[in-house]
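The values are calculated or read from the model by the stated rules, or taken from the named source; none is laboratory data. None of the values given here were measured: they were computed from a predicted structure. Methodologically, a virtual Cβ is constructed for each residue, glycine included, from the backbone with ideal geometry; neighbour enumeration extends over all protein chains shown.
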Amino acid sequence: MSDPMTAFAAALGAARAPIDAFAALDVLVQAVLGARLVSVTTVEQGGRLARRSYSNMPGPYPVSGTKEVEPNRWTEIVVGRGETFVANTLAEIATVFPDHELIGSLGLASVVNMPVVLGGELMATLNLLDVEGYFTPDRLALIRDRLTLPTLAAQLAHDRLAGR
């Protein structure tokens, strides 16, 4: 079996459509730590608009048009400070996400939203969801150490393939 990072680089290099870049990232996420729901949300207008650009659960979480980002604690952490948001219970998720009931109905109860930043500008967030308590300090370290640069590379490849 090949190294997950080598496989990611090969898949990213072979990408022909914007979604291919994020599909390659999803495969890497699964190899590095696993996550039931993987999505990427592109952020526009300084964090005021969001667009789901990728989802590995297109039924409940389809790729969509833009929606306004509601100011709350999540916005302060991710958009305002450029830091990763972590919630390890559905109760915590409910304080910032209006779709918490849908999240819970899918058996999900923890979330990580990692900002993708280039040149000081928030471009997107990598969103990982799984069961309650899933995002332990060790898993958060894996996300930081093994997924930060690949997520940025996937976002840049996505944008280039989309003609942006």
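Return the only residue of A153, A94, A157, A162 being within 18 Å of V69 (Cβ to Cβ), hydrophobic (A, V, I, L, M, F, W, C) and either within 15 Å of the chain's Cα centre (by Cα) or surrounded by 13 or more Cβ atoms within 10 Å (Cβ to Cβ) (or both). Walk me through it before giving the result.
Working: A153 fails: within 18 Å of V69 (Cβ to Cβ); A157 fails: within 18 Å of V69 (Cβ to Cβ); A162 fails: within 18 Å of V69 (Cβ to Cβ).
Matching residue, one of A153, A94, A157, A162: A94.
Let's see how each residue does on (1) of a type in the set (A, V, I, L, M, F, W, C); (2) closer than 21 Å to T42 by Cα:
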| position | (1), (2) |
| --- | --- |
| V111 | yes, yes |
| V117 | yes, yes |
| G133 | no, no |
| A141 | yes, no |
| L149 | yes, yes |
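State whether one or more residues within region 97-110 are in contact with a strand residue (DSSP E or B) (Cβ under 6 Å, 6 or more places away or on another chain) and surrounded by 14 or more Cβ atoms within 10 Å (Cβ to Cβ).
Looking for residues that are in contact with a strand residue (DSSP E or B) (Cβ under 6 Å, 6 or more places away or on another chain) and surrounded by 14 or more Cβ atoms within 10 Å (Cβ to Cβ), one finds at least one in region 97-110, hence yes.
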Residues located in region 115-143, provided they are of a type in the set (D, E, K, R), in a helix (DSSP H, G or I) and loosely packed, with under 12 Cβ neighbours inside 10 Å = D138
Flagged pairs (Cβ under 6 angstrom, 6 or more apart or on separate chains; first in region 46-73, farther than 14 Å from L106 by Cα and among the acidic types (D, E); second modelled with pLDDT of 95 or more and exposed (fewer than 12 other Cβ atoms within 10 Å of the Cβ)) are none
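Table: residues versus (1) among the aromatic types (F, W, Y); (2) within 23 Å of L140 (Cα to Cα); (3) assigned to a helix (DSSP H, G or I).
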residue: L25; (1), (2), (3): no, yes, yes
residue: G34; (1), (2), (3): no, yes, no
residue: T41; (1), (2), (3): no, yes, no
residue: A50; (1), (2), (3): no, no, no
What number goes with the only condition from (1) among the hydroxyl-bearing types (S, T, Y); (2) surrounded by 13 or more Cβ atoms within 10 Å (Cβ to Cβ); (3) modelled with pLDDT of 95 or more that T66 does not pass?
-> (3)
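Only one of L129, L106 is among the aliphatic types (A, V, I, L, M), in contact (Cβ under 8 Å) with a residue 40 or more places away in the chain and over 23 Å from D20 (Cα atoms); which?
Values: L129 fails: over 23 Å from D20 (Cα atoms).
Answer to the check: L106.
For region 70-114, what are the residues that are assigned to a loop (DSSP other than H, G, I, E, B), of a type outside the set (D, E) and in contact with a helix residue (DSSP H, G or I) (Cβ under 6 Å, 6 or more places away or on another chain)?
Kept after step one, since they are assigned to a loop (DSSP other than H, G, I, E, B), are these residues of region 70-114: 70-72, 81-84, 88-89, 95-99, 106-109.
Retained after the next criterion (residues that are of a type outside the set (D, E)): 71-72, 81-82, 84, 88-89, 95-98, 106-109.
V96, A109 - these are the residues of region 70-114 that are assigned to a loop (DSSP other than H, G, I, E, B), of a type outside the set (D, E) and in contact with a helix residue (DSSP H, G or I) (Cβ under 6 Å, 6 or more places away or on another chain).
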Selection from region 21-42 of residues that are surrounded by fewer than 22 Cβ atoms within 10 Å (Cβ to Cβ) and either among the basic types (K, R) or touching a helix residue (DSSP H, G or I) at 6+ places or on another chain (Cβ under 7 Å) (or both) | V27, A31, V32, L33, R36
